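The values are calculated or read from the model by the stated rules, or taken from the named source; none is laboratory data. In this text the structure is predicted, and so the values were computed from the model without any measurement. Glycine gets a Cβ as well: all are built from the backbone with ideal geometry, and neighbour counts include every protein chain shown. Areas reflect the complete protein model, heavy atoms only, side chains present, ligands, DNA and RNA absent. Shrake-Rupley method; radii C 1.70, N 1.55, O 1.52, S 1.80 Å.
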Amino acid sequence: MRRLDLSEIQETAFIRRGANFSFGQTAYPDGGEFRVTSGAYAALILLETGTMSTVIDRNRRELHAGECGIFINRTGRRSTYAPGSRVMWCETPLLKSALPARSDFLGDRVRASQRILTLFREGINCGLNSSPTLDTLRNALGEALFAAWRIEAGQDVIGHMPPSLIAAKSYIDQHYAEKPSLEQLASVAGVTPPYLIDLFRRHQGTTPIRYLRNVRAQAALRLIRHTDMSLASIADITGYGSAFHLSREVRLMNGQSPRSIRQRGIHGQTSHTMGDATRLPDDQHQSLRPAFERIRPMVPPIPVIDIAALRHGSSAERKIVAAALGRACREAGFFYITGHGVAPEMMNKLFEASRIFFNQPASAKEKVAMSRLGKNRGYVGLGVERLDTTSLPDNKEAFNISPHNVDDADVWPDLPGWRDLMMAYFTTCLDIGAALHRGFARDLGVDENFFVDKFKNPMATLRLLRYPPSLSKYADQAPGAGAHTDYGNVTILAVNGVSGLQVRPRGSDWMDAPLIPGTFICNIGDCLMRWSNDVYVSTPHRVLRPEGERYSIAFFLDPDADAQVEPIVSQQGESAHYPPVSGYDYLQERLQATYGHQS
């Protein structure tokens, strides 16, 4: 794939003048082909779902869901779309003298940012009608869209976002439900309100309050599209206060009511939550959709599951939740949980304690370094781990808490109350993990207490993680956490409000895992996949280098050291895919792969 050099096309219409831009959106429910035999034009194509392959100078290139690519056409192009694909496009003619006779190529693909998505949608909303006002707006949006693509692809020489702007954005992303005022945001950023407004306008093309409003609306839309939570619950989580105010904002921002969004099937397969007796069956949802919308997502969504029934519900209620967990483990491998019983106040205290630890001098952290303590305990510095053995070492630091490894070593930092807080949360996570395993067992067709004697003294680890902000937009920098699957049975993750986690369901492309306030995001690991005899799938995931400082707290639950991990064979005629192995031997094998690059 050849990188687009702006010096080659500086005379093209989309650089030199604002004219003749057109936008559109096309769906390919059954797949299809798009062929152009002539005409010189440049086009930005954003693939919303599916896969597109195109032949350029007899070479095949691909575009995957969530990616945006630029195409320069002079001699003809043929593109093939997989079934279920949906594409947005913006194109403009090229000047006849702008490029050599044979110059078709596909420029750099980039992940579609929120800015690119917004510009596409605004351009499409202009429609196909022509008038002086509409043409001016459409062309301005087209120029802005191509400029945004150049920025995301690293084609323009631009400075990084100022730290003040990063601080304000990160605070909004984490606290949008609290509706912080302009004065609060300016205080967090350490600047005056007028200066903060100017920063947002120059770097984001909006104001702080409009950015806040958009973040809240997008969070609400994600919950509407991807869950069956009631509007009242969504309004409470996202800070709208009432279902009425939420519905009004969704109509203003999206042009549709929440009910219409769900009935049109935008969110595809829904998750199961307790007490939702009014949810329509899938076939009734399907009958409400126009033919244009009958597109199934190419990747399974990450469901939101209320696990309260696993903790104190009836047998019938536990069965419903177990089925929802099993479906998530077979498809996405990831799921969000509510009904976990952890108060927001505890999470705030934990993240503050984590921040205090990582902001200590290096000498204080080295006193409790894993390299001194051993046994998967203590501080892990930047660049020590490499989860993706084919990539650079991870750019993160961590502190591991593994109380099952007991000796006389002083493994705790010298911070008042720190140990008690961490151990209280550790115990809470053990209880959540036990509840989840009751659901796993029931779904896999064994007794609900199947895992109890295998998790009497589990090899569990609580990890505090800090990811420094990215200093570069280029892809060759070290990842926050390289692509990997987790080792153990289940991971319970809390994030401080700064995104970065991406997952890749099997056979699909990378997708962002959105932040949903009040939830933990969970995923199964390779050990449970092995235990389920590959009925469940452990899903690759990674953490991108964040723009702002990112903290997360992960609880990794592995079985007892002497537990026999022997595949559960519940289907007649099946055989075990793996031999039995002890929990200890399996974990040591995986840890050696992660830290082995140091030896």
Q: Output the qualifying pairs, or none if there are none: Cβ atoms under 6 angstrom, residues six or more apart or on different chains, first residue in the stretch 310-328 and within 23 Å of Thr539 (Cα to Cα), second residue open to solvent by 50 Å² or more (accessible area, probe 1.4 Å) and assigned to a helix (DSSP H, G or I).
A: Ala322/Arg442
**Q.** When residues of the stretch 414-443 are limited to those that are acidic (Asp, Glu) and either out of contact with any Cys (no Cβ under 8 Å at 6 or more places or on another chain) or not in a helix (DSSP H, G or I) (or both), the one most open to solvent (accessible area, probe 1.4 Å)
**A.** Asp414
Q | Test: Arg35 is modelled with pLDDT under 85, farther than 30 Å from Thr206 by Cβ and in a strand (DSSP E or B) | A | yes
Q. What are the residues in the stretch 200-214 that are out of contact with any Ser or Thr (no Cβ under 6 Å at 6 or more places or on another chain), outside any loop (DSSP other than H, G, I, E, B) and not polar (S, T, N, Q), if any?
A. Arg201, Arg202, His203, Pro208, Ile209, Arg210, Tyr211, Leu212, Arg213
Q | Whichever residue in the stretch 398-452 is among the charged types (D, E, K, R) and touching a helix residue (DSSP H, G or I) at 6+ places or on another chain (Cβ under 7 Å) and, among such residues, is farthest from Pro468 (Cα to Cα) | A | Asp447
(Q) I'd like to check something: does the stretch 364-379 contain any residue that is closer than 21 Å to Ala494 by Cβ, in contact (Cβ under 8 Å) with a residue 24 or more places away in the chain, of a type in the set (A, V, I, L, M, F, W, C) and surrounded by fewer than 17 Cβ atoms within 10 Å (Cβ to Cβ)? (A) no
(Q) I'm trying to understand the selection: among the residues of the stretch 435-460, which are of a type outside the set (Phe, Trp, Tyr) and under 19 Å from Ile401 (Cα atoms)? (A) Lys456, Asn457, Pro458, Met459, Ala460
(Q) Would you confirm whether or not the stretch 544-551 contains a residue that is closer than 29 Å to Glu48 by Cβ, acidic (Asp, Glu) and crowded, with 18+ Cβ neighbours inside 10 Å? (A) yes
Q) What pairs come up if the first residue lies in the stretch 479-500 and is free of Cβ contacts under 8 Å to residues at least 60 places away in the same chain and part of a strand (DSSP E or B), the second is surrounded by 22 or more Cβ atoms within 10 Å (Cβ to Cβ) and of a type in the set (Gly, Ala, Ser), and their beta carbons are under 7 Å apart, counting only those six or more places apart or on different chains? A) Val495/Ser552
Q) Taking the stretch 447-467 as the search range and keeping residues that are closer than 16 Å to Leu436 by Cβ and of a type in the set (Phe, Trp, Tyr), which one is most open to solvent (accessible area, probe 1.4 Å)? A) Phe450
Q) Quick one: is Ala322 at pLDDT 90 or above, open to solvent by less than 10 Å² (accessible area, probe 1.4 Å) and not β-branched (Val, Ile, Thr)? A) yes
(Q) Taking the conditions exactly as written (open to solvent by 60 Å² or more (accessible area, probe 1.4 Å), within 27 Å of Asp509 (Cα to Cα) and assigned to a helix (DSSP H, G or I)), does Arg327 satisfy them or not? (A) yes
